[in-house]
Amino acid sequence: MKHIIAVAHGTDSHDGRATIDSIRASLAQQLEAEHAGEFTVYEAYVDVQEPSLDQVAAEFGPEDEVVMVPLLLSTGYHTQVDMQKAAESFPARNVRIARALGPSAELAKLQRTRLEEAGWDGYGQIVMAAAGSSRADGQEDVELQSEILSTLISQYVPHGFVASIDPRIADVAEDYSAEFVSSYLMGRGFFQGLLGQLDGAGESMVIAEPLVIPGDDEAAQIVASVAKQRVLDALSQ
């Protein structure tokens, strides 16, 4: 039996929690469908919610095989520090850390879907908003995701961060006279709320929904399929 810990950030948002629950449930279903009886999926969080990653880590014995898969869009502090520290403290000796979900062409397709739902018809300037990371590798992941999206829709899509990290999405949206904001966020919550407070939001500028919203099982399945591949990649190394 392989033990898969689906590690999310954690949120106070009811919709955000529902999003992560749906992705984790779909991940478990997909693994069971393709590898019956081989995997068990657990929930864990690095902030806000419980069970914490440390609490879950303590449940395993020395002989258990464990993979932590971040339900996070980019490399950053949580993947490189929090999860690494947890791995080092695990009672289990065989612990792997899968890479973050992004950058990903499948996630870019979801972004395009959300833009189309918001009224984008192939025309109009788009900017991409991500949460933000203080780490250079996390910022590079977001830049690459914006390049993937640009290629997919045949239009240059500059990116900015919702957090207080340059380039800030408010500045990017103003500089490019944005008509649409592609939300490169996992679900509704604090950062999506901040996008709604940008100058022109809901008037001259449309804010697309994040990748997964409650009730959209298809979107949750797509994100879960990316997570599943990250698990399988980690196990193959």
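Numbers at a glance
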| read-out | value |
| --- | --- |
| Exposure rule at most 12 other beta-carbon atoms within 10 Å, DSSP loop GluC sites (Glu not before Pro): the chain longest free segment | 64-202 |
| Label-point gap, in nm, between K85 and S204 - each point 7 angstrom along Cα→Cβ | 4.4 |
| Percentage of interatomic Cα-Cα distances in the stretch 85-147 larger than 16 Å | 61 |
| Amide H contacts of V67 (H built 1.01 Å from N, under 5 Å, at least 5 apart or other chain) | H3, I4, I5, R96 |
| For the chain: accessible area per residue (Å², 1.4 Å) | 46 |
| Percent of Cα pairs exceeding the 24 Å cut-off, where the set is the stretch 30-161 | 44 |
| Unit charges at the beta carbon, dipole of the chain: most positive-side option, H3, Q55, S13 | H3 |
| Carbon plus sulfur fraction of accessible area for the stretch 105-237, probe 1.4 Å, in percent | 46 |
| Net +/- balance of residues flanking S146 in space, Cβ distance below 14 Å, scoring K and R +1, D and E -1 | -3 |
| FRET efficiency, E32 to Y156 (Cβ-Cβ, R0 45 Å, nearest 0.05) | 0.60 |
| In Å, descending, principal axis extents of the Cα set of the stretch 120-231 | 39, 32, 30 |
| Backbone HN-Hα couplings from phi across the stretch 106-119 [Karplus 6.51/-1.76/1.60, Hz, Gly and Pro as x] | 5, 5, 5, 5, 5, 4, 4, 4, 5, 5, 5, 4, 7, x |
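The values are calculated or read from the model by the stated rules, or taken from the named source; none is laboratory data. These numbers were taken from a predicted model, which means no experiment stands behind them. Cβ coordinates were reconstructed from backbone atoms using ideal geometry, including for glycine residues, and neighbour counts include every protein chain displayed. SASA here: full protein model, heavy atoms, side chains in, ligands and nucleic acids out. Shrake-Rupley method; radii C 1.70, N 1.55, O 1.52, S 1.80 Å.
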